[in-house]
1. Hey, what D do you get for region 100-230 in µm²/s if you plug the Kirkwood alpha-carbon radius into Stokes-Einstein at 20 °C and 1.002 mPa s?
2. Not counting ligands, DNA or RNA, and with a 1.4 Å probe, what is residue 88's accessible surface area in Å² rounded to the nearest 10?
3. With each pseudo-label sitting 7 Å past Cα toward Cβ, what's the residue 18-residue 239 distance in nm, one decimal?
4. Gain in length, residue 132 to residue 52, computed as 0.36 nm per residue apart minus the alpha-carbon separation, to one decimal in nm?
5. For region 343-425, place one equal point scatterer on every Cα, skip the solvent, and apply the Debye formula. What is log10 of I(q)/I(0) at q = 0.14, 0.17, 0.24 Å⁻¹?
6. Run the accessible area of region 58-156 with a 1.4 Å probe and give the carbon-and-sulfur part as a rounded percent.
7. Ratio of region 61-152's C-alpha Rg to 2.2 N^0.38 Å, to two decimals?
8. Take the alpha-carbon centre of region 99-167, take the same for region 300-342, and report the distance between them in whole Å.
Amino acid sequence: MSIVDQPVSVTLKQGVVTGLQSAAVTRFLGLRYAQPPTGALRFAAPQPLGPQPLFDATKAGPVCPQRPSRLRTVMGDFEATQDEDCLRLSVWTPGCDQRKRPVVVWLHGGAWQSGGGALPWYDGARLAIRGDCVVVGVNYRLAALGWLFVPGETANVALLDEEAAVRWVIDNIEHFGGDPARVTLMGQSAGGFNIAAMLARKPLFNRAILHSASLGRGFREADQAAHLSRVFLQAAGAQSLEQARALPVAALLAAQQSEGVMAALQEEGANRSLFCPVVDGEIFASPVAPLMQQAATRADILLGYTRDEMAAFPGTQRNAVSQQLGEKIFGAPSRQWAQDARASGRDAWVFEFAYGPNPEFGACHCIDLPFVFGNLESFTDAAMLQGMTPERGRSLVDEMQTAWIEFIHGRAPGWAPSPVVHVFE
């Protein structure tokens, strides 16, 4: 007789958490990995958790407050509770036992402004079951809450959130059947770039999977970030960070769309998101290029990009010009990273995802994600997948998951290392 959604409790250092066990996978949803970053802790570095009361981890935790994604017409939209108390993660495991399975920690994309780690798109159950691994999906702070830069204050706090989540995993994952010595970080777009940025610091992991990391766009310099933040705070109605801590979160979200902020971003002329990691002099020293070169030497890596990256973005058509831009931002820098990793003695494998059933979008940004997680039914509204047959979908899920699981288990994904580029089509 199969087990259907039985409560299961685990005792952590912070207290007891209760998840749900089904026949093949146990879920713990919305677990806190740091104190709620609210009130005086808004814009501050994440603070460690103290003892917690009995925690119900049977329902998804809130995602960071955010505006709708600019890619929703391409990949579909999602509904999720939003709250500043968002420093949460979810765990999917085949069993809370002593098996010491490899662990994969997922960092979502969304231009540092949208998304969440445990959305139905990224439900880790299928990957955990098929791969006999523990999957962890992380929420981190977005937009101004995570990336506002005020000189003299702690910068890049959302990156510190992600590092705090990795520390939590290393400290606690044994209770969920995982091996803290075998952790792979996996991220897409902004999440992938953040993993590269963590590798430029003091990483607690040495294995990574990067999907469409915008390695060719890089960091924002401090003076430019400070200027944008000044314009942003003014638009939100605050003269200082202290005043901004007292604003309703709606004022911060509205300021992202203000005319002054849009004009300042356009003046920058860098074709970059309003918020992103900053070379602040403390979390990231200047010049940052040597740090990133060194980062490539610190992890075995599986990384790649899609053939028509830019076709997903509003106002961009799928043509030779947009393909060249995608190659500049995603393709060439990913291959260079792999070469730098290999030159230092690391293992590195490169992929290109070239399957695009909808001719309007082709193999656009984000199109590889449904196949890695195997959650095709969560993408039924995704225009990018229109025209795909169920058979083709299933075979691509099988192909990609097989390769990713091999890598997560510490093995080769099934093709020759860099400079070879394996094409999924």
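1. The Stokes-Einstein estimate is 140 µm²/s.
2. Here the accessible area works out near 30 Å².
3. Here the modelled spin labels are 5.1 nm apart.
4. Extra length from residue 132 to residue 52 when fully extended: 25.8 nm.
5. Taking Cα atoms of region 343-425 as identical point scatterers yields -0.51, -0.71, -1.19.
6. That share works out to 45 percent.
7. Against the empirical 2.2 N^0.38 Å value, I get 1.22 for region 61-152.
8. Rounded to whole Å, the Cα centres lie 22 Å apart.
The values are calculated or read from the model by the stated rules, or taken from the named source; none is laboratory data. Because the structure is predicted, anything quoted here is derived from the model rather than measured. We place every Cβ from the backbone using ideal geometry, glycine too, and count neighbours over all the protein chains shown. Heavy atoms of the whole protein, side chains included, go into the accessibility calculation; ligands, DNA and RNA do not. Shrake-Rupley method; radii C 1.70, N 1.55, O 1.52, S 1.80 Å.
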